[in-house]
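Some notes on the structure that comes next.
The values are calculated or read from the model by the stated rules, or taken from the named source; none is laboratory data. It should be emphasised that the depicted structure is a prediction, and the values quoted were computed from it without experimental measurement. Counting neighbours? That spans all protein chains shown, and the Cβs are built from the backbone with ideal geometry, glycine included.
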């Protein structure tokens, strides 16, 4: 069978990544938009000793293509590109869907480069119009939305932003898992996996906090963290940060909220001078009450906040501290 | 072991600013934009210069873009790049990452390269695609979201960041391509004498003919690409905005915190 959509599952240490069930939603919808059945989307599982994981994914009522090979025991760009090249050549899908994660945007562009395929990445939504794939993307710190179109005879490689779609759960019944014979030359896998490193925690664990006051670049100077600390203390919270602050070592890495840091769900989240880039928002959007303070009225943080203040965060926090002491 | 490093840099509009859509709806208005070196590329440049300083070799700063990008290339020279090359692709928007990467790859083939570095993403179009595409087109092994690079003879040991702060460590033979993550190092400031010197250094310009092309439209693409339109994003929702003087805003913030039970009294 050719045509349809292939979606590449992501997994680590035997667990399916949270982006994969979202990708299944996107894949089904896209397969239907191409004029077929939504079951023309198939899930690809690459790994070694991952049959159970493939069987589990078959419970999402899409067929699963499995490449179980010792050379895929650990993720490598070359291993994935070799395996996917074989599958894409034999199945000739319209679209290859990949989650826009660290792993996804490692191999998806490389696959497109190696196979000379069209590529569109970090998409929020996908649609089909005639022979065109329409992708909706966000540019320039979420301030501009763009629709682009790609037309090609060849499979289009697409990465989809995590969080763009609601994940589906497994449903009743199960579909088939098909072993795909793909030859992988382990000596042509040039990236050699050495080890997995976990963050060392010698600090407070943000993920358990009820109240988090997070600072971003808008606080301007490291010295101003004192005010953030003082405010956090006054409301019984702890201090978190956006990525630029931990990159500058103003706060330890353990305080970073966002995709590459902690995902938090406190009762109260106060975003101080944080613009609200996707990478940060992914880690805190489910907080109970989000208060945002920023000088830029167009900052995307105000889209997800419940209460917003266009203000100099330093002045507003100092004044609020006074109010709280009254 | 001395290394020839090519670092790909992009000049982007400062994403902290506000943007307007051009009248044809196909681009942002570019008449009064403030351009800067893409943030992740600053880390890639710094990594390139540090590798050269430690192991010897040369750093070539490469960009694709109009004349205005020369300012950014001079900044790269002042920060330690040995040579600057501008591919004279003058499309001010250059939305198609696939085309950009194919042109960059053609230019990299003309340069000695043991190591090619890019930033993990550009903050204007946030594709995170150029590095991976280049690796695929050039046939180089690669690693993305790299936070640490150690050069060991003809190979590298690199740490790649995953979601949630996990890192995968790989050993990769040279030549290779890496996309460098924010915070991988601390980028330096250019010393004044170096800035003065860079102002006089020549910048090599590559026309299509230098890459064996009859013009930029002659780049072979397996697809057609078009921008349908740009728009201000439809807000998913919006905060209740509290206006007024700072004192008034502070009163309301304190009240919200009290009402929701986050402050006693």
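With respect to the conditions (1) in contact with a strand residue (DSSP E or B) (Cβ under 7 Å, 6 or more places away or on another chain); (2) over 30 Å from residue B:142 (Cα atoms), residue A:193 falls short on a single one, namely (2). Listed here are the strands (runs of 3 or more DSSP E) enclosed by region B:115-177 that have at least 1 residues being closer than 14 Å to residue B:100 by Cβ and more than 7 Å from every other protein chain (Cβ to nearest Cβ): B:115-119. Can you say whether residue B:229 is surrounded by fewer than 16 Cβ atoms within 10 Å (Cβ to Cβ), more than 23 Å from the chain's Cα centre (by Cα) and closer than 26 Å to residue A:157 by Cα, as far as the supplied structure shows? Yes; evaluated as a whole, the condition is true for this residue. Within the bounds of region A:266-278, is there any residue that is part of a helix (DSSP H, G or I) and more than 11 Å from chain B (Cβ to nearest Cβ)? No, every residue in region A:266-278 fails to be part of a helix (DSSP H, G or I) and more than 11 Å from chain B (Cβ to nearest Cβ). Restricting region A:67-93 to residues that are more than 23 Å from the chain's Cα centre (by Cα) and not in a helix (DSSP H, G or I) leaves a set whose member that is surrounded by the fewest Cβ atoms within 10 Å (Cβ to Cβ) is A:92. Of all residues in region B:239-254, those being facing chain A (nearest Cβ under 7 Å) and in contact with a strand residue (DSSP E or B) (Cβ under 8 Å, 6 or more places away or on another chain) number 6. Among the residues in region A:288-298, are any out of contact with any helix residue (DSSP H, G or I) (no Cβ under 9 Å at 6 or more places or on another chain), in contact (Cβ under 8 Å) with a residue 40 or more places away in the chain and under 12 Å from residue B:239 (Cα atoms)? Yes: one or more hits. Of all residues in region A:1-23, those that are farther than 14 Å from residue A:61 by Cα, in contact (Cβ under 8 Å) with a residue 60 or more places away in the chain, away from every other protein chain (no Cβ under 14 Å) and not in a strand (DSSP E or B) total 4. Among the strands (runs of 3 or more DSSP E) confined to region B:23-113, the ones with at least 3 residues that are under 25 Å from residue B:133 (Cα atoms) and touching a residue at least 40 places away in the same chain (Cβ under 8 Å) are located at B:57-64, B:83-87.
Cβ-Cβ distances below 9 Å connect no pair with a first residue in region A:187-200 that is more than 7 Å from chain B (Cβ to nearest Cβ) and modelled with pLDDT of 95 or more, a second residue that is assigned to a loop (DSSP other than H, G, I, E, B) and surrounded by fewer than 17 Cβ atoms within 10 Å (Cβ to Cβ), and a separation of six or more residues or different chains. Can you find a residue in region A:245-254 that is touching a strand residue (DSSP E or B) at 6+ places or on another chain (Cβ under 8 Å), under 10 Å from residue A:212 (Cα atoms) and surrounded by fewer than 24 Cβ atoms within 10 Å (Cβ to Cβ)? No, that holds for no residue. Before we move on, is residue B:73 buried (at least 22 other Cβ atoms within 10 Å of the Cβ) and closer than 15 Å to residue B:107 by Cβ? When the stated conditions are applied, residue B:73 passes them.
Taken as a whole, the condition of being farther than 27 Å from residue A:57 by Cα, away from chain B (no Cβ under 12 Å) and in a loop (DSSP other than H, G, I, E, B) does not apply to residue A:228. In this structure, is residue A:134 within 28 Å of residue B:137 (Cβ to Cβ) and over 21 Å from the mean Cα position of the chain (by Cα)? No: the conditions fail for residue A:134. If you go through region B:166-188 and keep only what is free of Cβ contacts under 8 Å to residues at least 12 places away in the same chain and surrounded by fewer than 18 Cβ atoms within 10 Å (Cβ to Cβ), you end up with just B:166. Evaluation of residue A:139 against the conditions (1) more than 7 Å from chain B (Cβ to nearest Cβ); (2) under 23 Å from the mean Cα position of the chain (by Cα) shows that the sole unmet condition is (1). The requirement of being in contact with a helix residue (DSSP H, G or I) (Cβ under 9 Å, 6 or more places away or on another chain), more than 12 Å from chain A (Cβ to nearest Cβ) and touching a residue at least 24 places away in the same chain (Cβ under 8 Å) is satisfied by residue B:198. Among the residues of region A:1-55, those identified as touching a helix residue (DSSP H, G or I) at 6+ places or on another chain (Cβ under 6 Å), crowded, with 20+ Cβ neighbours inside 10 Å and over 24 Å from residue A:78 (Cα atoms) are A:4, A:28, A:31, A:40, A:41.
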